[in-house]
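Only one structure is covered here, and it is reproduced in the block below.
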Amino acid sequence: MAKEIVQIHGMSCAACVRRVEKGLLSLAGVTDAAVNLATQKATVEFNPDTTGPEAISARIRELGYEALWPTRPDRQSGTIAVSVGGMTCAACVGRVERTIKAVPGVTDASVNLAASKAFVKADDAAVVLPALRDAINAAGYQFLGVVGESPGDPLEAAKEAELRDLKRKLVVGAILSVITFVGSMPHFFPFVHAVPRDWLLPALLVLTFPAVFWVGDRFFVGAVKAARQGTSDMNTLVAVGALSAYVYSALVTLAPALFASAGVEAHVYFDGAAMIVTLILLGRFLEARAKGKTSAAIKRLMGLRPKTARVVRNGVESDVPVDALVQGDTIVVRPGERIPTDGSVLSGASTVDESMLTGESIPVEKEPGDPVFGATINKSGSFTFRAEKVGSETALAQIIRLVEEAQGSKAPIQRLADKVASVFVPVVIVIAVGTFVVWNYLVPEPVFTRALLNFISVLIIACPCAMGLATPTAVMVGTGAGAEKGILIKGGESLEKAYQLRTVVFDKTGTLTAGEPKVTEIVPSDGFQESRVLELAAAIEAVSEHPLAQAIVERARKDGVQVSAVEAFEALSGMGARGNVEGSSVLVGSARFMKAQGVSLDGLDDAAQALSAQGRTTVFVGANGTAVGLIGLRDVPRAFAREAVDSLKAMGLRVAMITGDGRTPAAAIANELGIDSVMAEVLPGDKAAEINRLKADGQVVAMVGDGINDAPALAAADIGIALGAGTDVAMESSDITLMQSDLRLVPAAIDLSLQTIKVIKQNLFWAFFYNSLGIPIAAGVLYPFFGILLNPVHAAAAMALSSVSVVSNSLRLRRLASRDAKSLSER
């Protein structure tokens, strides 16, 4: 299966979303389609053997929309898309194609003038990329980078062009609306009486025409497209409302005798038609600007990439564009520079600020063999490294792609809203027609103009823009805010599951604990010092590969204890080790080993039992047949583990621990961290079964693990949270990935999910409440009691504000994401 994200132009409401999804799912080979109104994108999963981007684009066009694919390079198959600047005509296309085909290694090329892109096939596209760039520039055009790998994405350019178009039409619409308003209100502006009515009305007719049909062309185009599909959407409501007001006013202007003979009081509503379109377009403009803010996280991530890299080729250093890097390049990085791509250190040493990837502010030391990641900042030293991943293969590119997919996903609650919106528009049209019939025929003293205004008001105020934006804007802001903190949330479904969460299960080793034993106690025998016990033990263990041995040596180095040389070293598997240290025969191992060698433990048994009861592993040290002392070790909790557990419990969640360790050491760690429920002696393969058991008891369970050996349990849980070590994260098996091993991110991620769903519910409530309240008022229900009728202009303003309020409410998540987690009781 293949998964691609396609930009769709022309969608305006939840009904459009529903129509595009149904249309794509009806296409053979498409297994899933999720359309996001806020991003104007669709995430499509399909079988490439059955269908492809061409068929999907054709179906989108059939539905009345336009598709634009964000082509990314496929370096494996040797296909790449590059942006080319400076082309103006078909002759340029031919010249660029010939230039590209002449590059050694290129097998085929096609150039698209409208998209300013060249699609190049080569045996190895990555290798020919530098020559391709030079050839295009030498031909008099501009090589603008690989499509999808540079911040200058054509999709972003399309959004900016749309925003400019909206702004231009909004200004024109506002000017014409003011003029028509002044001309239609002589009782407010007495000077208008000086203009003869026979001149004034035709002038208003002409001025209103561009205000309705040019400024509001998107509404009429959208309505026609919907009608061709046998359906209706938000554009239908606006188009019918504005067209009704304009056509009626035109008839009053051009054929007043029709109304005089019918005894109908004739008024013109050119100002209403122009202002309806302009105000709704204002709402669209404000939405577009606000939606641009929701994707700011991705823009910031993309902007982190450096533009050039200093590469050593054939012994010569030179600056080359990052887009021209290939695997195997040797790259020089100086202090203060951003690392251009992913790779491993060849020579030199430094510290690197990886906070943009992990959120961890402490710089990481780098030596030969250590990995480095693109867009991170080199702090102190200089080093060279080998490029191993370039372009769309880097960790940063993968994170951006993950966030994009998450922002395009849906929470299950949105699917209900989409279904409601799909039938909402036809129902509104029926209500609007019923309103007109009642006010024109059934009320006492019916007035045609009043019936028409109420008909238009119902259509305008019922536009379901806010419904369509309620969920996707919140998901976009929530996932984007999480990405900036090092919390990668896979999408809407994960967010909604977190809202129902009741139990959080932590893996012990490597998750709650560091996964490496540490020396916690040194108990010397009478007549010996702690330093002597550590000195003898470290000398023997310095030549051992056992994890406990390494912990003892590390403690000796930390305490400044001199590690002496050992002679005649001998390791006895499962027992211990022995050797000669400075003329003494030294033994290090278990109590059984000591007794077998005839060493009396000299009263250390009691201390060993006490340490074992606290979950310690004990190692005895003997010299020349005498017990020197005892060392206690254990796997210590991670920093902030207790703080994370306390935060989760304060949120009202049950916290449990699962481990393969024995009950005694497991209980010791649990007691220290404040965890009440412990599942001990669980084999790795049985962890998923334990998670399923909790789920069978009615618990909604989150599993927190290291994302590798805990993958089955992560997948079995309602929410899998992978605790990532840098960038080696199990994104496939988890719903939430934490880019660093700070356990405080667990409650932060859950709280962010809760706040996002809370905002979604607020948005949906206000969207539905607004329509439910506004439609009856527009229909005139309050008129018999309070004399209240809703002017279409006021309805248009209210409709625009409803959409803006929903987007603004979603943007609050950026502030909420930075606060501390609160109690779940607040939800």
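The values are calculated or read from the model by the stated rules, or taken from the named source; none is laboratory data. Please read all numbers here as calculations on a predicted model, not as lab measurements. We place every Cβ from the backbone using ideal geometry, glycine too, and count neighbours over all the protein chains shown. Just the protein is used for accessible areas: all its heavy atoms, side chains included, with ligands, DNA and RNA removed. Shrake-Rupley method; radii C 1.70, N 1.55, O 1.52, S 1.80 Å.
For the range 623-683, take N as its residue count and report Rg(C-alpha) divided by 2.2 N^0.38 Å.
1.52
For the range 23-63, what is the convex hull (Cα atoms) projected area averaged across all directions, in square nanometres?
With the hull built on Cα positions only, its mean projection is 2.7 nm².
For the range 733-789 and the range 497-517, what is the separation of their C-alpha centers, rounded to whole Å?
With the range 733-789 and the range 497-517 each reduced to a Cα centre, they are spaced 30 Å.
Take THR31 and VAL195, extend 7 Å from each Cα along the Cα→Cβ direction, and tell me the distance between the two endpoints in nm.
6.4 nm
What does the charge count near ALA713 come to, summing +1 for each Lys or Arg and -1 for each Asp or Glu among other residues with Cβ under 11 Å from its Cβ?
With Lys, Arg at +1 and Asp, Glu at -1, the neighbours total -4.
Translational D (Stokes-Einstein, µm²/s) of the range 565-628 at 10 °C and 1.306 mPa s when Rh comes from the Kirkwood sum over C-alpha pairs?
The diffusion coefficient I find is 131 µm²/s.
For the range 590-712, divide the Cα radius of gyration by the Kirkwood radius and give the resulting Rg/Rh value with two decimals.
1.11
Compute from the Cα atoms of the range 468-544 the Rg and the Dmax, the latter being the longest Cα-Cα distance, and quote both in angstrom.
24.8, 79
Mind ordering 335-347, 494-506 by average Cβ neighbours within 10 Å, highest first?
Going by the mean number of other Cβ atoms within 10 Å, highest first, we get 494-506, 335-347.
Given a Förster radius of 22 Å and the C-beta distance between ASP165 and SER808 as r, what FRET efficiency does 1/(1 + (r/R0)^6) yield to the nearest 0.05?
Computed FRET efficiency for ASP165 and SER808: 0.45.
Ignoring ligands, DNA and RNA, what percent of the 1.4 Å accessible area of the range 433-592 is carbon and sulfur? Working shown, then result.
Numbers: 3210 of 6450 Å².
Carbon with sulfur: 50 percent of the solvent-accessible area.
Over every pair of different alpha-carbon atoms in the range 513-570, take the mean of 1/r and invert it; report that Kirkwood radius in Å.
11.9 Å
Using only Cα atoms, what is the ratio of the radius of gyration of the range 463-620 to 2.2 N^0.38 Å?
1.74
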